[in-house]
């Protein structure tokens, strides 16, 4: 039954992604925030479809801590779930992601419509500079910037190395950093096809001021909060 439910979800995800990618491409001429709201329509459908087919829902606590003005969100990265559901949970946004994702036919083209900050992780410091430079522009456009400081998805219960790119952006833009923890990997594994029913917990942490701090200091503070919270919400 779990296999059939997961297969049904995947089929619906693929079909609607193809259709909605055309909508996203057509939205290119629209203002960035308007385009972001339109593109997030697919995420609203997918979170509903995930609930119907696989029995996965989510709860959010601490959302009242999120500043009303755009800032940098540093989040745990365990699965593909957060790249979809965060569009439902948070205001208009953009992400820092691997540029190879933009090469995927239809999906990548639609992703490009959201104006992500696409980086080549192989160039090291230059990638961090790109995040800071382009991220400031996205924030000034009125969008929150979501950064996964571990750089890639990590298995539930594991921890990756936290990179300072998001904190560097916050310093350059003069905005706070908001840490976010969640346990999506327990229900939607990073490389697993089968999905387990349950309630994904998302916890939004207190903003961390970037003024007068170094990037690694901010990153370490966010890491400490995220990993401590992960211990509380991980089964």
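The values are calculated or read from the model by the stated rules, or taken from the named source; none is laboratory data. Since this is a predicted model, take the numbers as computed values, not measurements. Virtual Cβ from ideal backbone geometry, glycine too; neighbours counted across all protein chains shown.
Within the span defined as region 195-206, one or more residues are surrounded by 18 or more Cβ atoms within 10 Å (Cβ to Cβ), out of contact with any helix residue (DSSP H, G or I) (no Cβ under 6 Å at 6 or more places or on another chain) and modelled with pLDDT of 95 or more. One residue stands out among those in region 90-114 that are part of a helix (DSSP H, G or I) and touching a strand residue (DSSP E or B) at 6+ places or on another chain (Cβ under 6 Å): the one that is farthest from residue 29 (Cα to Cα), which is 99. Against the definition (surrounded by fewer than 20 Cβ atoms within 10 Å (Cβ to Cβ), in contact with a strand residue (DSSP E or B) (Cβ under 6 Å, 6 or more places away or on another chain) and part of a strand (DSSP E or B)), how does residue 60 come out, yes or no? In short, yes. Every condition in (1) at pLDDT 95 or above; (2) more than 30 Å from residue 56 (Cα to Cα); (3) not in a helix (DSSP H, G or I) is met by residue 211 except one, and the failing one is (1). Scanning region 104-136 for residues that are surrounded by fewer than 15 Cβ atoms within 10 Å (Cβ to Cβ) and modelled with pLDDT of 80 or more returns a single hit, 133. The set of residues in region 169-180 being in contact with a helix residue (DSSP H, G or I) (Cβ under 8 Å, 6 or more places away or on another chain) and surrounded by fewer than 24 Cβ atoms within 10 Å (Cβ to Cβ) consists of 171, 172, 173, 175, 176. Checked against the criterion of being surrounded by 17 or more Cβ atoms within 10 Å (Cβ to Cβ) and free of Cβ contacts under 8 Å to residues at least 24 places away in the same chain, the candidates 66, 38, 19, 74 yield just one match: 38.
Put simply, of 174, 151 the only residue that is at positive phi and modelled with pLDDT of 95 or more is 174. As a summary of the residue check, residue 93 satisfies the conditions (1) farther than 21 Å from residue 170 by Cα; (2) modelled with pLDDT under 95 except for the one numbered (1). In a residue-by-residue description of region 223-232, the property of being touching a helix residue (DSSP H, G or I) at 6+ places or on another chain (Cβ under 9 Å) and either more than 17 Å from residue 71 (Cα to Cα) or surrounded by 18 or more Cβ atoms within 10 Å (Cβ to Cβ) (or both) applies to no position. Scanning region 24-50 for residues that are more than 21 Å from the chain's Cα centre (by Cα) and in a helix (DSSP H, G or I) yields a count of 1.
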